[in-house]
1. Could you list, in sequence order, all residues of segment 53-81 that are touching a residue at least 24 places away in the same chain (Cβ under 8 Å) and touching a Ser or Thr at 6+ places or on another chain (Cβ under 7 Å)?
2. Kindly evaluate residue 138 against the criterion of being charged (D, E, K, R) and under 18 Å from residue 57 (Cα atoms).
3. Could you count how many residues in segment 159-190 are surrounded by 15 or more Cβ atoms within 10 Å (Cβ to Cβ) and free of Cβ contacts under 8 Å to residues at least 12 places away in the same chain?
4. Considering 112, 120, 104, which residue is farther than 24 Å from residue 24 by Cβ and not aliphatic (A, V, I, L, M)?
5. Could you tell me whether any residue of segment 120-138 is away from the ligand (no atom under 16 Å from the Cβ), part of a loop (DSSP other than H, G, I, E, B) and surrounded by 12 or more Cβ atoms within 10 Å (Cβ to Cβ)?
6. Modelled with pLDDT under 95 and not polar (S, T, N, Q): is that true of residue 122 in this structure?
7. Out of segment 145-166, which residues are within 9 Å of the ligand (Cβ to nearest atom) and in contact with a helix residue (DSSP H, G or I) (Cβ under 8 Å, 6 or more places away or on another chain)?
8. Got at least one residue in segment 163-181 being modelled with pLDDT under 95 and either assigned to a helix (DSSP H, G or I) or at positive phi (or both)?
Amino acid sequence: MTISKALEAAYLVGRLERLARSGVTVEGLNPAQWEALRYLARANRFSRTPAALADYVGSTRGTISQTLIALEQKGLAARRASARDGRSVELALTRRGEAVLKQDPLLHLAQDIALGTDDDPAKLVTTLQAILAATIARNEGRAFGVCHSCRHFRRNARPGASSPHHCGLLDEPLSEADSKDICQEQEAAA
Ligand code: SF4
């Protein structure tokens with residue numbers, strides 16, 4: 001691909017992102033608030049903090065604080081003392097937040113992607129993951145990858161337990177649901 005084709009692809013990604021959210025008004029949510037809701041729905045219990053959210057979206061702590069205040073005022077997210085460390089704050093979606101996410105404008109984009117790839121988006125996902133990895137590396141950010149693809153993930157360390165997997169880094173049990181969440185500490189397995 002030549003540079004000009006790469007630039008054309010960048011224009012397409014930017015335009016898609018804008019069009020996906022145009023004309024959709026749910027609870028008066030702005031793009032930053034949607035991004036925070038999506039993150040809270042996908043992040044594991046070690047990563048649902050204001051600082052991790054700021055890292056994930058590439059924003060400042062002050063901006064994230066304003067976003068979270070707005071979500072709390074709308075009754076879509078809540079903060080509580082962390083169960084692991086009482087001095088830290090843990091964020092969570094409320095039931096209302098989960099319901100609102102079912103109207104996420106990105107769901108329309110997902111339908112369009114399925115249509116545009118003949119219901120086989122795997123190649124596109126791989127390409128986008130590679131592009132995202134390059135962008136994250138340039139920004140010296142964290143990957144926030146999926147737990148089961150982490151080098152610290154120990155599958156079935158406790159067979160038969162309700163949380164059969166284990167995190168070798170944090171020394172914590174992990175359920176099957178945990179294994180599909182994203183994590184601020186994730187390091188891709190070799
Ligand atoms: S195994 Fe990796 S991704 Fe999963 S909780 Fe531990 S550090 Fe996070």
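The values are calculated or read from the model by the stated rules, or taken from the named source; none is laboratory data. Keep in mind that what you see is a predicted model, and the values were worked out from it rather than measured. Here the Cβ is made from the backbone with ideal geometry for all residues, glycine too, and neighbour counts use every protein chain on show.
1. Passing the criteria: 76, 77.
2. yes
3. Here the count works out to 0.
4. Exactly one of 112, 120, 104 is farther than 24 Å from residue 24 by Cβ and not aliphatic (A, V, I, L, M), namely 120.
5. Yes: one or more hits.
6. When the stated conditions are applied, residue 122 does not pass them.
7. Across segment 145-166, the qualifying residues are 146, 147, 148, 153, 165.
8. no
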